[in-house]
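Please treat every number below as a calculation from the coordinates, not as lab data. Keep in mind that what you see is a predicted model, and the values were worked out from it rather than measured. FYI the Cβ positions are ideal-geometry reconstructions off the backbone, even for glycines, and counts take in every protein chain you see.
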Amino acid sequence: MSPAIEIFQGKAFQLDDIAAIADAVALRSAGDLQRGFLLGSTDAAELLSLIASREVWVAELAGATVGFVIAYTDASQRFGLFRNRIPEIRWSAAVDFLDSPAVYVDRIAARPGHQGHGVGRALYEALFQQYPSHGFFAGVAESPTRNGASIRFHDRLGFRRVGTYGPARLGGVDDYVGGVFYRAPI
């Protein structure tokens, strides 16, 4: 029997593992779109701050860190980063959910070699259980290269595309366009 993926709040001792995963899948230019989708790397001080504020969750498999998610609740100051972009989003659906409790998934990643093996789903499922009355927002790259794998992944988890952000310079990518996806509370 295969070991199960376990989800925990991130701890400071996992900093190097989280940073290594983030760096392995970081997007620094349009040329990187084939290998990763995170916008830029996260520095150690920022990661420690996120861990301390309980906004990082990690996935472990047989004691090894194999993935992480950075998620901000609407009670977080960092949620304001998303909220500040709301006027720039071109909404394709009714926006009656904007004043409801919400979580913004800023980054989610699995260690290379573990992608496509349930790590991301396990991380999201843990968040859905932790915040059952919250809706969830996520951004997915659509241009200059469409991140079809992430779009399909979010679709399978019940997210629906509700808007578009950009074009803008974001994370070292010119003319970045991101789809805004939302999953209503169950």
Original post:
What is the set of long-range amide H partners of VAL66 at a cut-off below 5 Å, with H atoms built 1.01 Å from backbone N?
Top reply: ALA59, GLU60, LEU61
**OP:** Please give the calculated 222 nm ellipticity per residue for the chain, where each DSSP H segment of at least 4 residues contributes -39500 (n - 2.57) and the sum is spread over every residue; nearest 500 deg cm²/dmol?
**Re:** -7500 deg cm²/dmol
Original post:
In percent, how large is the relative contact order of region 77-186, given Cα pairs closer than 8 Å and 6 or more residues apart?
Top reply: 31 percent
Original post:
Of the residues ALA110, ALA24, ALA64, which exhibits the maximal mean-square fluctuation in a Gaussian network model of the chain defined by a 10 Å Cα contact cut-off?
Top reply: ALA64
Subject >> J(HN,Hα) series, region 9-17, from Karplus relation 6.51 cos²θ - 1.76 cosθ + 1.60, nearest Hz, glycine and proline x >> reply: 5, x, 10, 4, 5, 8, 3, 4, 5
Original post:
In terms of modelled amide H atoms, which long-range or inter-chain residues lie less than 5 Å from the amide H of VAL103?
Top reply: GLY135, PHE136, PHE137
Original post:
Taking the chain as a Gaussian network, where each spring joins two C-alpha atoms under 10 Å apart, which residue of GLY163, GLY116, GLY67 fluctuates the most?
Top reply: GLY116
Original post:
Residue by residue, what Karplus-based ³J(HN,Hα) values in Hz, rounded to whole numbers, does region 52-64 have, using 6.51, -1.76 and 1.60 with θ = phi - 60° and x for Gly and Pro?
Top reply: 4, 8, 6, 10, 10, 10, 10, 10, 10, 9, 6, x, 9
Original post:
So how do ASP106, ASP99 line up by other beta-carbon neighbours within 10 Å, fewest first?
Top reply: ASP99, ASP106
Subject >> Residue-wise HN-Hα coupling along region 115-128, computed from phi with Karplus coefficients 6.51, -1.76, 1.60 (Hz; x: Gly, Pro) >> reply: 5, x, 10, x, 5, x, 4, 4, 5, 5, 4, 5, 5, 4
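Could you list HIS154, HIS134 in order of exposure, starting from the residue whose Cβ has the fewest other Cβ atoms within 10 Å?
With the fewest neighbours first, HIS154, HIS134 line up as HIS134, HIS154.
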**OP:** Select one label from (i) 0.94; (ii) 0.96; (iii) 1.11: the one whose number is Rg/Rh (Cα atoms, Kirkwood Rh) as derived from the coordinates shown.
**Re:** (i)
